[in-house]
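Only one structure is covered here, and it is reproduced in the block below.
The values are calculated or read from the model by the stated rules, or taken from the named source; none is laboratory data. Quick caveat: nothing in here was measured; it's all calculated off a predicted structure. All Cβ positions, glycine included, derive from the backbone under ideal geometry; neighbour counts span all protein chains shown. What goes into the accessible areas is simple: the full protein's heavy atoms, side chains included, and nothing from ligands, DNA or RNA. Shrake-Rupley method; radii C 1.70, N 1.55, O 1.52, S 1.80 Å.
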Amino acid sequence: MQPPTHFGSRDKTMYAERRQQLLNRLPTDSLAILAGYPQRVRSKNIKYHFRQDNDFLYLTGFNEPDALALMWREDHEDKLVLFCRPRDPAAEVSFGRRSGPEGAIEHFGADEAYAIADFDEVLLQKLAGKCDIFLGDELGRLNDKLWPLLNRQRHTSPFDAIKSYPILTPLAKVLHPLRVIKTDHELGLIRHAVKASVEGHKALLRKVRPGLNEAQLAAHFMATIADNQCLDVAYPNIVAGGNNACCLHYEDNCCELKDGELLLVDAGAEYHHYCADITRTFPINGRFAPAQRQIHDLVLKALDAAIALVRPGLPWDSLYQTCMRVLAEGLIELGLLTGSIDEVMHSESYHRFTVHKTGHWLGMDVHDVGPYHDSEGKWRTLEAGMVFTLEPGLYFPADAEDIPAKYRGIGVRIEDDILVTEDGHENLSRGAPRSAAEIEAFMAQAD
């Protein structure tokens, strides 16, 4: 039997190397316990499409529900024990193939594998002599059973087998920093997700016109990324016409597109669990009104100023500060903020219109894991192999009666996916039209 997804046998070495990196950072006599995600019910007997916990998948490649894993180092050898659903021919006819314990060993490199029902007894055996327990369990599936098992192990083991009461530590503290720097393999998956997303954004630029519904464009994006081998999005599509763009995570996608308004599209594909995250804002009728173009050009100016700084060694916060200063200067020039640039920066009065931060790590999670500060609390500096978004925005709600009417109901965000290289950076999403001139020219050609 072959593994039911692309994860597994051909990548066993890659996952073993990741576990080695993790165990290199754990104390001697420690045990890592990881819980995968369960299958979720959508309605009655209809299930949601299963998506594995990213940490579990990152370390094992095992992409089936209701799985658990143990990892430790013994006599300089790394050990992996997987617990999973047993083979069940009747269930597999209805809901798809299972690897079973046999497949977990053959295809996923487990040293031992058991049915999930055997977890308690096997864990008791593996706890012997372990002082540090590192727990990866985002949903808290093990909360109710782990302490009773630890107590049971403590009271049934020989005295000299227990050096001290086990210490429970979140595995994320050790694992998540490892996920920040992407390997060439990971970069290949991200590039594919970004490429598919770029095609999706171009498809919307070709299709958009007054009178369509936001939902039609959201579906068109889905169809386009599917044509590029991406089976899902990294997050629900945001297709926000007019004032809807002033809601940062607008997901209703149910309104008619109106002539003369802007459309903000924040949409990214997912490819083999790796994400893209791209935002573009464009005129529904193909031409920016003067006030719309002023805001769009200002946001793009801030984005490009920040991107130009990206290189190894740059403090992360420099990107945000650069965006805010450019936006603040522009807002003062437009008469939307008062005071000198130093006064505005000190008071942070720009927050009214900028609302959010300007970027985040990107990888298996769209808001990917990993610290933004170093061990001393200072902003982390950029390193080659990091991937993140940059996404400044300006938002002027329709009910903001104290600003000129020409700006009300405008929300503009422009977001690119950036890779830090050895000597600078690469804008992975540059292929999606960005400037007002590029957007208008592209939309004119589509006509």
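A compact table of results
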{"read-out": "Dipole axis of the chain (+1 Lys, Arg; -1 Asp, Glu on Cβ), positive-most option in Phe388, Pro315, Ser43", "value": "Ser43"}
{"read-out": "Vicinal HN-Hα couplings computed from phi for the range 175-182 (Karplus, 6.51 cos²θ - 1.76 cosθ + 1.60; Hz; Gly/Pro x)", "value": "6, 4, x, 5, 7, 5, 8, 8"}
{"read-out": "Antiparallel bridge percentage (DSSP; both residues within the chain; nearest 5)", "value": "75"}
{"read-out": "Within the range 4-118, percent of DSSP bridges classed antiparallel, to nearest 5", "value": "75"}
{"read-out": "Cross-link partners of Lys182 among aspartates and glutamates (Cα-Cα below 17 Å; sequence separation of 8 or more within a chain)", "value": "Asp11, Glu17, Asp55, Glu270, Asp277, Asp365, Asp368, Glu383, Asp417, Glu422, Asp423, Glu426"}
{"read-out": "Accessible area (Å², per residue) of the range 54-163, counting only protein heavy atoms and a probe of 1.4 Å", "value": "49"}
{"read-out": "Label-point gap, in nm, between Tyr372 and Lys47 - each point 7 angstrom along Cα→Cβ", "value": "3.6"}
{"read-out": "Computed [θ] at 222 nm, deg cm²/dmol, the chain (DSSP H ≥ 4; -39,500 (n - 2.57); rounded to nearest 500)", "value": "-11000 deg cm²/dmol"}
{"read-out": "Cross-link table Lys207/Lys258; Lys12/Lys79; Lys173/Lys378; Lys47/Lys145; Lys12/Lys145; Lys195/Lys301, entries beyond 19 Å C-alpha to C-alpha", "value": "Lys47/Lys145; Lys12/Lys145; Lys195/Lys301"}
{"read-out": "Surface per residue (accessible, 1.4 Å probe) for the range 299-447, Å²", "value": "43"}
{"read-out": "Simple spin-label estimate for Arg152 and Ser347 in nanometres, 7 Å along Cα-Cβ", "value": "6.4"}
{"read-out": "Size of charge dipole - the chain - debye, nearest 20, with Cβ of Lys, Arg +1 and Asp, Glu -1, no other charges", "value": "600"}
{"read-out": "Average accessible area per residue (Å²) across the range 185-228 - probe 1.4 Å, nucleic acids and ligands excluded", "value": "38"}
{"read-out": "Cα centroid separation, the range 256-284 to the range 179-243 (Å)", "value": "7"}
{"read-out": "The range 336-389 and the range 88-136: distance between their alpha carbon centers, rounded to Å", "value": "41"}
{"read-out": "D (Stokes-Einstein, µm²/s), Kirkwood Cα radius, the range 200-331, 1.567 mPa s at 4 °C", "value": "81"}
{"read-out": "Within the accessible area of the chain (1.4 Å probe), percent carbon and sulfur", "value": "50"}
{"read-out": "Integer Hz, Karplus 6.51/-1.76/1.60 couplings in order for the range 357-364, x for Gly and Pro", "value": "5, 10, x, 7, 4, 9, x, 5"}
{"read-out": "Cβ-placed point charges (K, R +1; D, E -1), dipole of the range 344-412 about Cα centre in debye, nearest 20", "value": "200"}
